[in-house]
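The structure appears below as C-alpha cells.
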Amino acid sequence: MPQKRKPGISVLIATQNEEAVVGLCIRSFLDFGDELIVVDNGSADHTKDIVRDLQTQYPQRIKFFDRPELPDLYHNRRFALAQSSYEWLVRADADYVAYTEGKYDIMQLREYLLSLKRTAWPEIVYVPQVNIVGDFQHTGVPMRPGGYRANPERAQVSEPLVEPMARFYRHFRCFGFVRRGRRETTRFWRLMKRIYWNEPVWMHCNIKSDMNHFFRSERTNWRELGQFKKFPTLHDYIENIVEKKYGTKNFDEAALLYMERHVLPYLQPYDPEKYYPYPSLVRAQMEKNPIYKIYQEKGQRKRRFLGIDLPNPKGAAAE
C-alpha cells in the first residue's frame, strides 16, 4: 500500500574511503536531489572531511551521518532510508558522478520521475552506467553484470557501459534494503513495475586506493560465503584468507598484489569520443588534478597517486 511522503527525491549516498571522487559525486547531485543523505560507515581517509566541508556549504541540502558501527553496505542503506523523507529514492554510490548538462543531463530523469502518477504498483527504474576504472582515462575491468566479479581471474573484460541497474525506487509501505548473497537489493523488488531509462545519467568513476579496491573485491567473496557468525565483519574474513590467497599477512602488500593481478592488466584506454563524454565536473577535475595516473614501467602497468584536493578547514558541521 502507498505510504505518503513528500513529492521529491532523496539521494542516499553510502561512503567509505572514497576521498578521490566523493566531492564530485555530491556536487553532481545537488540540483537533482531535494535532499542528499550521506552516511559514512568507517572511512579512514579524508572522505568525512570532504563531506563535512560540503555540508557546511549546503546545510539545507546535505545531511551527513558518521556511523562507523554499521558493518556492511546494506546496513548503511537502511540507516539512510530511515533518515529520508521524499517519495523517490536513489541508491547512489559515492563514486557516481552525474551528468549535469547536455544530452545525458540527469535533470531530465528528475523531470520524468516527478511526472509519473502513482499507481497500485510502485516503480523501480533501471539505468545503465558508464565505467571508468583506476584513473579517469581507463576502463575495462573484470566484471559480472552489475559489479565486481568475486573471482576476477575467471572474468571477461567488460565494456564501458554496464547493463541497466536498479537504482531509483518509488517508496512504498514495507520498502527496505536487504542483502541476498553477494547482492544488495530491496524487499519485494520482483513485484515492482520496472521502467528502463535508455541512456546513462552518471559515470561510475571507480577510482579508489589499492586498499579500497582490494576490500571491495573481497567483500563479494565474504558475502557469497555467508558465514557471518564466523566472520562477522569483512576485516575478520580478510584476516582469515589473506595469507593463503596472497602469500602475505600485510594488507598493503595484498592490496598491491590484487591490483597487479586483477585490475591493472585488464584496463583499456577510455575514449569519450567513441563511448560517452565525461561529465563536466570530471572534465574540470582532470584538468585541475587527475588524482591517479596509470603508466608503463619495464613492461608492467603501474599506478601513481597524485593527491587529492582537500577542503580548507571551516569547522565541522553539526550532524
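Could you check how many residues of the range 1-45 are touching a Leu at 6+ places or on another chain (Cβ under 7 Å) and farther than 22 Å from Tyr99 by Cβ?
Of the residues in that region, 2 qualify.
Can you pull out the residues in the range 266-307 that are in contact with a Phe, Trp or Tyr (Cβ under 7 Å, 6 or more places away or on another chain), in a strand (DSSP E or B) and more than 16 Å from Ala20 (Cβ to Cβ)?
Across the range 266-307, the qualifying residue is only Lys302.
Would the range 79-96 turn up any residue that is under 19 Å from Asn212 (Cα atoms), surrounded by fewer than 19 Cβ atoms within 10 Å (Cβ to Cβ) and not polar (S, T, N, Q)?
No, that holds for no residue.
Considering only the range 240-297, how many residues are free of Cβ contacts under 8 Å to residues at least 40 places away in the same chain, hydroxyl-bearing (Ser, Thr, Tyr) and either closer than 12 Å to His138 by Cα or touching a Gly at 6+ places or on another chain (Cβ under 7 Å) (or both)?
Result for the range 240-297: 1.
Which residues, counting only those in the range 179-215, are of a type in the set (Asp, Glu) and surrounded by fewer than 16 Cβ atoms within 10 Å (Cβ to Cβ)?
Answer for the range 179-215, where residues must be of a type in the set (Asp, Glu) and surrounded by fewer than 16 Cβ atoms within 10 Å (Cβ to Cβ): just Glu199.
Does Thr56 satisfy being over 24 Å from Tyr169 (Cα atoms) and crowded, with 20+ Cβ neighbours inside 10 Å?
Considered against the rule, which asks whether it is over 24 Å from Tyr169 (Cα atoms) and crowded, with 20+ Cβ neighbours inside 10 Å, Thr56 comes out as no.
Could you run through the range 239-255 and say how many residues are within 19 Å of Lys302 (Cβ to Cβ) and crowded, with 19+ Cβ neighbours inside 10 Å?
Matching residues across the range 239-255 total 3.
Quick check: is even one residue across the range 37-50 modelled with pLDDT of 95 or more, under 30 Å from Lys193 (Cβ atoms) and either surrounded by fewer than 23 Cβ atoms within 10 Å (Cβ to Cβ) or not hydrophobic (A, V, I, L, M, F, W, C) (or both)?
The answer is no, given that none of the residues of the range 37-50 is modelled with pLDDT of 95 or more, under 30 Å from Lys193 (Cβ atoms) and either surrounded by fewer than 23 Cβ atoms within 10 Å (Cβ to Cβ) or not hydrophobic (A, V, I, L, M, F, W, C) (or both).
Out of (1) part of a loop (DSSP other than H, G, I, E, B); (2) among the hydroxyl-bearing types (Ser, Thr, Tyr); (3) in contact with a Ser or Thr (Cβ under 7 Å, 6 or more places away or on another chain), what's the single condition that is false for Tyr104?
All conditions pass for Tyr104, except number (3).
Being among the aliphatic types (A, V, I, L, M) and under 25 Å from Asp236 (Cα atoms) is the filter here, so list the residues in the range 81-101 that pass it.
Ala94
Got a sec? Which of Ala284, Ala316 is hydrophobic (A, V, I, L, M, F, W, C) and modelled with pLDDT under 90?
Ala316
(1) in contact (Cβ under 8 Å) with a residue 12 or more places away in the chain; (2) over 26 Å from Leu257 (Cβ atoms): which one isn't true of Arg219, the others all being true?
(2)
In the set Ile50, Ile26, which member is touching a residue at least 24 places away in the same chain (Cβ under 8 Å), touching a helix residue (DSSP H, G or I) at 6+ places or on another chain (Cβ under 6 Å), of a type in the set (Val, Ile, Thr) and closer than 14 Å to Val11 by Cβ?
Of the residues listed, the single one that is touching a residue at least 24 places away in the same chain (Cβ under 8 Å), touching a helix residue (DSSP H, G or I) at 6+ places or on another chain (Cβ under 6 Å), of a type in the set (Val, Ile, Thr) and closer than 14 Å to Val11 by Cβ is Ile26.
Of the conditions (1) part of a helix (DSSP H, G or I); (2) touching a Gly at 6+ places or on another chain (Cβ under 8 Å), Leu113 fails just one. Which one is it?
Here Leu113 meets the rest and fails (2).
Out of all the residues in the range 102-116, is one or more surrounded by 17 or more Cβ atoms within 10 Å (Cβ to Cβ), touching a strand residue (DSSP E or B) at 6+ places or on another chain (Cβ under 6 Å), modelled with pLDDT of 90 or more and at negative phi?
yes
The values are calculated or read from the model by the stated rules, or taken from the named source; none is laboratory data. Because the structure is predicted, anything quoted here is derived from the model rather than measured. Counting neighbours? That spans all protein chains shown, and the Cβs are built from the backbone with ideal geometry, glycine included.
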